[in-house]
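Derivation of every value follows stated rules applied to the coordinates shown; laboratory data play no part. Small disclaimer: the values here were computed from a predicted structure and weren't measured. Here the Cβ is made from the backbone with ideal geometry for all residues, glycine too, and neighbour counts use every protein chain on show.
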Amino acid sequence: MNQSNPIKRLKPTATFYSITLLIILWQGLAMLVNYPDLFPSVTDLLATLAEMLGTKAFYIALCNTLYRGLIGFILAFVLAISLSAIALNSQFIKVFIHPWIVIMRSIPVISIVLIALLWLSPPGLPIFISFFTMFPILYQNFLSGLEQTDRKLVEMAKVIKKNNLQRLLYLYLPSAHAYAFSGMATAMGFGWRSVIIGEVLSGPVHGIGTGMKKAQAFIDMKELLAWTVIAVLISFIFDYVLKLIAAKPVKFKLSEVSQSKKTNTISADIKELTLISLNKKFNSKQVIQNLSMQLSNQTVNLIQTASGSGKTSLMNLIAGILKADSGQMIFNPEQPVISFSYQDIRLVPWFTMEQNIAFSLPSFPNITQDDLQKINTLIHQMELDEHKGKLPDELSGGEQQRVNLARALMLPCHILLLDEPLNGIEDSLKKRLIKFIEDWTSSYKPLILWATHLEVEAYLKGDVSEVRVSR
């Protein structure tokens with residue numbers, strides 16, 4: 001049962017009662033003061049609003065204010081998302097920008113306005129003020145959101161050669177979704193107020209702030225309050241729209257394309273990996289010590305050892321996730337395509353099962369008819385047909401593990417790393433999947449390094465080599 005539904009049903013009612021109470025209090029105070037020119041009643045205020053809405057000047061002023069606010073927001077948005085993406089990958093840039101952000105957030109808006117009055121023309125000043133106010137808020141929220149991205153998902157994407165733009169589009173931005181919209185809502189709230197303050201003080205020909213200033217000059221409280229209500233409504237509408245957009249889940253779609261004439265195929269040629277005096281230490285703990293061996297695709301290379309023996313660290317070194325303290329790895333071919341079935345799964349939370357499997361393809365989100373057929377075959381072999389279209393959090397641990405394995409098998413590769421790929425899967429299915437992995441990879445014969453506690457060699461048709469990870 002969704003416990004948030006009662007709250008959602010209650011919110012409109014509570015909002016209605018709150019606004020109704022505000023109107024009643026306003027009307028009561030107006031009657032108590034009994035001075036319409038100083039404190040107009042609700043009916044007088046509504047009449048003034050209706051009169052303003054019937055004039056061309058009102059819409060010209062409204063459009064000019066909206067234009068200035070949106071231009072300032074767009075400039076701040078583009079610069080904030082660009083710099084936050086750069087700062088994410090450069091600690092120097094992040095530290096370099098930080099004092100600027102602190103200064104921009106600390107300077108009072110009125111100080112910015114008074115200084116800018118000496119530099120800018122009346123129409124340009126509100127744009128500058130809105131930009132100056134919104135940029136630091138957007139930058140900090142964007143950067144915080146990007147930094148919340150799961151590091152293990154980024155590692156997974158790097159292993160399958162996703163470039164910076166792909167990682168930004170499919171991992172960082174969806175992860176920063178909540179932070180980004182929260183920042184935009186906050187920035188918009190401050191931004192509209194700043195635009196109107198700038199208009200009041202700089203006095204452009206048209207604008208809500210200009211209308212407020214004229215009403216104040218003529219001591220027209222009704223019109224001044226009417227403009228204030230319009231300003232509040234603008235802020236409310238933009239906040240409401242942003243919340244509606246933010247509430248929508250992040251969704252991606254696979255696009256089916258025609259078969260490419262050039263296909264990246266992996267031949268069944270010899271594939272080798274030579275390790276020479278490899279060492280890896282975490283703090284004072286030596287995980288891999290002076291490891292030398294030669295692996296090839298002529299056999300399935302099995303690591304059957306206890307947890308904590310360094311098998312996952314070895315796979316992470318081969319995949320490029322970790323760097324060795326010393327030693328050498330020689331690949332044949334020199335730049336191999338590597339696919340990895342992770343012990344900790346690493347599925348993308350906002351991708352469906354099919355999208356997670358297809359993510360290993362270089363062409364993602366574009367897939368061919370052959371790709372789609374392979375995806376469906378993998379889903380069927382993993383006994384996941386009834387779960388098509390589901391997100392990872394709608395699957396059990398064992399089902400997620402099978403999707404993780406299917407993603408690794410989807411990418412034809414030179415080196416296939418399998419780190420406990422059958423954890424959480426029932427025994428009868430485990431035995432069948434062991435045979436399926438061997439059959440599926442037979443066409444391109446990758447170098448398979450398989451870490452497992454199972455006696456998988458009993459179910460494999462080909463030769464098996466035992467790999468020892470010594471310390």
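Quick look at the values:
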{"item": "In sequence order, calculated HN-Hα J values of the range 147-157 (Karplus, 6.51, -1.76, 1.60; Hz; x Gly/Pro)", "result": "6, 7, 4, 4, 4, 5, 5, 5, 4, 4, 5"}
{"item": "0 to 90° range, to nearest 10: angle between helix 427-440 axis and the chain longest Cα axis", "result": "80"}
{"item": "Cα→Cβ-extended label distance, 7 Å offset, between residue 63 and residue 107, nm", "result": "3.2"}
{"item": "For 465, 121, order by how many other beta-carbon atoms lie within 10 Å, fewest first", "result": "121, 465"}
{"item": "Cα-based helix-to-principal-axis angle, 4-33 vs the chain, degrees rounded to 10", "result": "20"}
{"item": "D_trans [Stokes-Einstein, Kirkwood Rh over alpha-carbon pairs] for the range 55-247, 4 °C, 1.567 mPa s, µm² s⁻¹", "result": "72"}
{"item": "DSSP bridge orientation in the chain - percent antiparallel, rounded to nearest 5", "result": "45"}
{"item": "Length gained when the stretch residue 393-residue 253 is fully extended (0.36 nm per residue, less Cα-Cα span)", "result": "48.6 nm"}
{"item": "Tail fraction, Cα-Cα pairs, the range 369-414, threshold 16 Å, whole percent", "result": "35"}
{"item": "Relative contact order (percent, whole number), the range 405-471, Cα cutoff 8 Å, 6+ residue spacing", "result": "42"}
{"item": "Under-30-angstrom lysine pairs by C-alpha in the range 55-247, whenever the two are 8 or more apart or on separate chains", "result": "13"}
{"item": "On Cα atoms only, tilt of 221-247 relative to the major axis of the chain in degrees", "result": "10"}
{"item": "Fraction of beta bridges assigned by DSSP in the range 272-466 that are antiparallel (%, nearest 5)", "result": "50"}
{"item": "Low-density loop cleavage sites - trypsin sites (Lys or Arg not before Pro) in the range 153-205, where at most 16 other Cβ are within 10 Å (DSSP)", "result": "161"}
{"item": "Sequence-distant lysines (8 or more away, or on other chains) whose Cα lies within less than 21 Å of residue 461", "result": "271, 430, 431, 435, 445"}
{"item": "Where chymotrypsin sites (Phe, Trp or Tyr not before Pro) in DSSP loops with at most 10 other Cβ within 10 Å are excluded, longest remaining stretch of the chain", "result": "219-471"}
{"item": "Shape metrics for the range 272-466, restricted to C-alpha atoms - Rg then Dmax, Å", "result": "16.7, 51"}
{"item": "Theoretical gain in end-to-end length, residue 219 to residue 246 [0.36 nm per residue, Cα-Cα removed]", "result": "5.6 nm"}
{"item": "Gain in span if fully extended, residue 328 to residue 79, counting 0.36 nm per residue against the direct Cα distance", "result": "85.4 nm"}
{"item": "Low-density loop cleavage sites - trypsin sites (Lys or Arg not before Pro) in the range 338-441, where at most 15 other Cβ are within 10 Å (DSSP)", "result": "388, 390"}
{"item": "Pair residue 121, residue 468: separation of 7 Å Cα→Cβ label points (nm)", "result": "8.2"}
{"item": "Using distinct alpha-carbon pairs, which all enter the 1/r mean, Kirkwood radius of the chain in Å", "result": "27.1"}
{"item": "Under DSSP loop assignment and at most 14 Cβ neighbours within 10 Å, longest GluC sites (Glu not before Pro)-free interval of the chain", "result": "1-333"}
{"item": "Binned Cα-Cα distance frequencies in the range 195-337 - 5 Å width, integer %", "result": "2, 7, 10, 10, 7, 5, 5, 5, 5, 5, 4, 5, 6, 7, 7, 5, 2, 1, 0"}
{"item": "Rounded Å value of the spacing that divides the Cα centres of the range 80-136 and the range 350-387", "result": "45"}
{"item": "In Hz, Karplus ³J(HN,Hα) per residue of the range 381-388 (6.51, -1.76, 1.60; θ = phi - 60°; x = Gly, Pro)", "result": "5, 7, 6, 10, 4, 6, 10, 4"}
